[in-house]
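Every read-out reported here was derived from the displayed coordinates using simple, explicitly stated rules and does not represent laboratory data. The structure displayed is predicted, hence computed values, not measured ones. Don't worry about glycine lacking a Cβ; one is built from the backbone with ideal geometry, like all the others, and counts go over all protein chains shown.
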Amino acid sequence: MHFSILSFSLLFLINKINGTRIVCYTTNWSQYRPNEGKFLPENIDPFLCTHLIYAFAVIKDGLLASFEWNDESTASTRGLYERTTDLKKINPNLKVLLSVGGWNFGSAEFSRLVSDSASMQRFGTESVNFLNKYKFDANREGSSPQDKINYTKFIQIMRDLYEPQSLLLCATLAAGKSVIDSAYEVDKIINNLNFVNIMTYDYHGAWEPFTGVPAPLYSRPEETGEAQFFNVNFTINYFIEKGAVAEKINLGLITYGRTFRLRNPALNQIGSPANGPGSPGQFTRDSGFLASYEICTRLDQGWTERWNDIQQVSYAFFNDQWLGFDNERSLKSKIDFLKFLNLGGAMVWTMDMDDFSGNFCKKGRYPLINFIRSEIMNDASSTLTSTSPTSSTTTLTSATMPPIDLECPNGPGYYANRQSGCKKFYLCSGSENFRIYEFECPNGLLFDQDILACNYESQVNC
């Protein structure tokens, strides 16, 4: 499992649409893709997302700095920064953020930056000037897990610097349990953050010796040990258990797939033996990876597509090539999950890997992001809702049932409500005076105390 480095975002006051955020990434290296894969700021629909994040800038000598040769404008050319922030002239409600760091940047510069308060103060002050110069509404950093305590201090310093200037502070955080435990003081940083983007993807890829989808909603029954944590359900609920407020969380969604080369083409299920990455795409040109528009081409060429009901994901195969990806069906399951937990919105990686031209999937421009937007914005309510939290340590009153005694015998965490036949479950959040949230599994599923997730009735011992 691969996870990106520790990161955060800083941004101006947010104008919410229907109280929900759709945060979309765009990348400065997508300009180098050939022909119809080439992506520039002029390809962006400025009305599609509430927030646009431009990736990536870097930290150089303790200050914010551009990375690509054409990020900044010159006397003769308009740079990508200016061409991107100009989209706010078309849609004044759009917020454009500058993302700093990324997985290829490393953590040395950030570690040096947070090593003393003076450096952090200098960075915060100078970053305001940099952002205002290029008309960005935000920026984002990267660090390493050993910077856990310094990261908390840094967020506090940045909040103190930015709040007087009407800036809000947000973070983009990794999804792995080991990274969450080692890198984030969730209950401390959440108080100084206005929202967080969780990178709930890349749980599986060609770095593993078996096939797996990049963003499974739930775990498979046969997954044990660390593998049982490699799913969206666990990550989001673990953040909430650690103290994150649901309304501050944006659920990470993807517009790409991960590919493998099968050891035996006859064994083509999730978890089948694999021998490295699949063949590269025509436009993205990276082994083990396909943009959604490249996936559409393969499905049109006769790949066999399958659905996994347990993990609520799609996969496809052709000869020795195997692909795990998200489509409208799997995205619908994730958006239902988002609504079920009353999350604050979605974060999409990336705009340039959706079918931005509309020439490949035959569903118009940006079919996946348009689907995400439609599902989130046009249906603010959900049939899957949680009850309001209480401050009691033992009692929860529901609008649909009489008061029930709910206990937290092992401290914070998830527990099956056995009085409901495990149809319902609840979260004990906090340290002493627990806040209790109650939830209900979808039809046909019961809460499995062993894996801390909703599972098929036949698999649950209630």
- Task: State log₁₀ I(q)/I(0) for region 202-357 at q = 0.08 Å⁻¹ as given by the Debye formula over alpha-carbon point scatterers of equal weight, solvent excluded.
- Result: -0.22
- May I ask you to sort E42, E294, E82 by Cβ crowding, counting other Cβ atoms within 10 Å and putting the fewest first? E42, E82, E294
- Message: Please rank C24, C408, fewest neighbouring Cβ atoms within 10 Å first, as an exposure proxy.
- Response: C408, C24
- Relative contact order computed over region 145-244 (Cα-Cα under 8 Å; 6+ residues apart), in percent: 27 percent
- Item | Principal axis dimensions, largest first and in whole angstrom, of region 287-357 by Cα | 41, 30, 20
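How big is the antiparallel share of DSSP beta bridges in region 6-377, given as a percent to the nearest 5?
55 percent
So which trypsin sites (Lys or Arg not before Pro) in region 55-136 pass both tests, a DSSP loop state and at most 15 other Cβ atoms within 10 Å of the Cβ?
Of the trypsin sites (Lys or Arg not before Pro), the ones in loops of region 55-136 whose Cβ has at most 15 other Cβ atoms within 10 Å are R78, K135.
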- With the Cα gyration tensor of region 6-377 in hand, give its eigenvalues times 5 under a square root as the equivalent ellipsoid semi-axes, listed largest first in whole angstrom. 33, 24, 19
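Order by neighbour count: W207, W303, fewest other Cβ atoms within 10 Å first, most last.
W207, W303
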